[in-house]
Amino acid sequence: MSTNRFGVRTLAVLAVAGIAVLGTPTIASAHVSAQPAEFTQGGRATFAFRVPNERDNAGTTKIEVTLPQDTPLTSVRTKPLTGWKAEVVKGKLDKPVTVSGKEITEAFTSITWTAEAGTKIGVNEYQEFYVALGTLPEGKDTLLLPTKQTYENGEVVDWSQAPGADGKEPEHPAPALKLAPKKAGEGDHGHGASNTAATSGDTHEASAAGSDSTARYLGGAGLAVGALGLGLGVGAILRSRRKA
């Protein structure tokens, strides 16, 4: 009788553990990041700056992204976001550069999102700021996009550090795009597999696809862990019954 009770209790504990694993929600990255972050050199990129609020006593009210000047971008567009004002700044380059065979003397230098009255990224919240950038540089495998995050209490967190030589992530990593070389047959503005068109609908589809893939992966991992735990529990019950 006692063995049966032990078995019931064990199965109950395993069931609760399995539910906890499967039901654990995913959380936003602990720092400002680009989502998705893989595109093709010489193409265009539509993605979101994902900004989590990391303070429990203040909300985020301003995001400022510094755009590269050594490999300037010829096109920058922001997606309207209710409660936030976007400002894209363009200026002259210190030295002209050539992009896709054309000499460029001025380029976009920054993007700033400022919260309107009554708006902020609150505690335990995150926000996504969508942009469409082009033309992406060629011959460069990573495009860093340093970002400053300002809180309503005046605190500014500078996400601008590049990965170390050992590949380890720094304390305040800059959002980055990974740029893959163009495949044979792609044009000057060819899109990679993860690139999306600069439209609202496609932006939402890209975000949803990434979230769905992540959810499926985590769900599968949770099922595997739950099944393993259940198998071990059943084995322990059978062994205890044999000893009894």
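So which of Leu93, Leu136, Leu177 ends up being in contact (Cβ under 8 Å) with a residue 60 or more places away in the chain, of a type outside the set (S, T, N, Q) and assigned to a strand (DSSP E or B)?
Details: Leu93 fails: in contact (Cβ under 8 Å) with a residue 60 or more places away in the chain; Leu136 fails: assigned to a strand (DSSP E or B).
That would be Leu177, the only listed residue that is in contact (Cβ under 8 Å) with a residue 60 or more places away in the chain, of a type outside the set (S, T, N, Q) and assigned to a strand (DSSP E or B).
What number of residues within region 117-135 are under 16 Å from Gln41 (Cα atoms) and modelled with pLDDT of 95 or more? Step through it out loud before you land on a result.
Keep residues of region 117-135 that are under 16 Å from Gln41 (Cα atoms), which gives 132-135.
Pick out the ones that are also modelled with pLDDT of 95 or more and you get 132-133.
Residues flagged as under 16 Å from Gln41 (Cα atoms) and modelled with pLDDT of 95 or more within region 117-135 amount to 2.
Take Thr82 and decide whether it is of a type in the set (Ser, Thr, Tyr), in contact with a strand residue (DSSP E or B) (Cβ under 6 Å, 6 or more places away or on another chain) and on the phi < 0 side of the Ramachandran plot.
no
Suppose we keep only residues that are over 12 Å from Ile63 (Cα atoms), free of Cβ contacts under 8 Å to residues at least 60 places away in the same chain and more than 16 Å from the chain's Cα centre (by Cα) within region 142-161. Which one would you say is surrounded by the fewest Cβ atoms within 10 Å (Cβ to Cβ)?
The extreme case among them is Gly154.
So is Gly190 touching a strand residue (DSSP E or B) at 6+ places or on another chain (Cβ under 9 Å), at pLDDT below 50 and in a loop (DSSP other than H, G, I, E, B) or not? Walk me through it before giving the result.
On the way: touching a strand residue (DSSP E or B) at 6+ places or on another chain (Cβ under 9 Å): yes; at pLDDT below 50: yes; in a loop (DSSP other than H, G, I, E, B): yes.
It is true that Gly190 is touching a strand residue (DSSP E or B) at 6+ places or on another chain (Cβ under 9 Å), at pLDDT below 50 and in a loop (DSSP other than H, G, I, E, B).
To keep it simple, each residue is scored yes or no on (1) modelled with pLDDT of 90 or more; (2) in a loop (DSSP other than H, G, I, E, B); (3) surrounded by 18 or more Cβ atoms within 10 Å (Cβ to Cβ).
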{"site": "Phe39", "(1), (2), (3)": "yes, no, yes"}
{"site": "Ala48", "(1), (2), (3)": "yes, no, yes"}
{"site": "Thr61", "(1), (2), (3)": "yes, no, yes"}
{"site": "Pro72", "(1), (2), (3)": "yes, yes, yes"}
{"site": "Lys85", "(1), (2), (3)": "yes, no, no"}
{"site": "Val89", "(1), (2), (3)": "yes, no, no"}
{"site": "Thr98", "(1), (2), (3)": "no, no, no"}
{"site": "Glu106", "(1), (2), (3)": "yes, no, no"}
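Would you be able to tell me the number of residues in region 74-83 that are farther than 13 Å from Lys120 by Cβ and part of a strand (DSSP E or B)?
Residues meeting the conditions: 4.
Could we say that Lys168 is closer than 23 Å to Val97 by Cα, in a loop (DSSP other than H, G, I, E, B) and modelled with pLDDT under 95 here? Lay out the reasoning, then the answer.
Numbers: closer than 23 Å to Val97 by Cα: no; in a loop (DSSP other than H, G, I, E, B): yes; modelled with pLDDT under 95: yes.
Answer is no for this residue.
Using the structure shown, decide if Lys79 is of a type in the set (D, E, K, R) and closer than 20 Å to Leu136 by Cβ.
Yes; evaluated as a whole, the condition is true for this residue.
Can you tell me which residues in region 113-133 are in contact (Cβ under 8 Å) with a residue 40 or more places away in the chain, among the hydrophobic types (A, V, I, L, M, F, W, C), surrounded by fewer than 20 Cβ atoms within 10 Å (Cβ to Cβ) and out of contact with any Asp or Glu (no Cβ under 6 Å at 6 or more places or on another chain)?
Ala132
The values are calculated or read from the model by the stated rules, or taken from the named source; none is laboratory data. Remember, it's a predicted structure, so these values are computed and weren't measured experimentally. Positions of Cβ are backbone-derived with ideal geometry, glycine not excepted, and every protein chain shown enters the neighbour counts.
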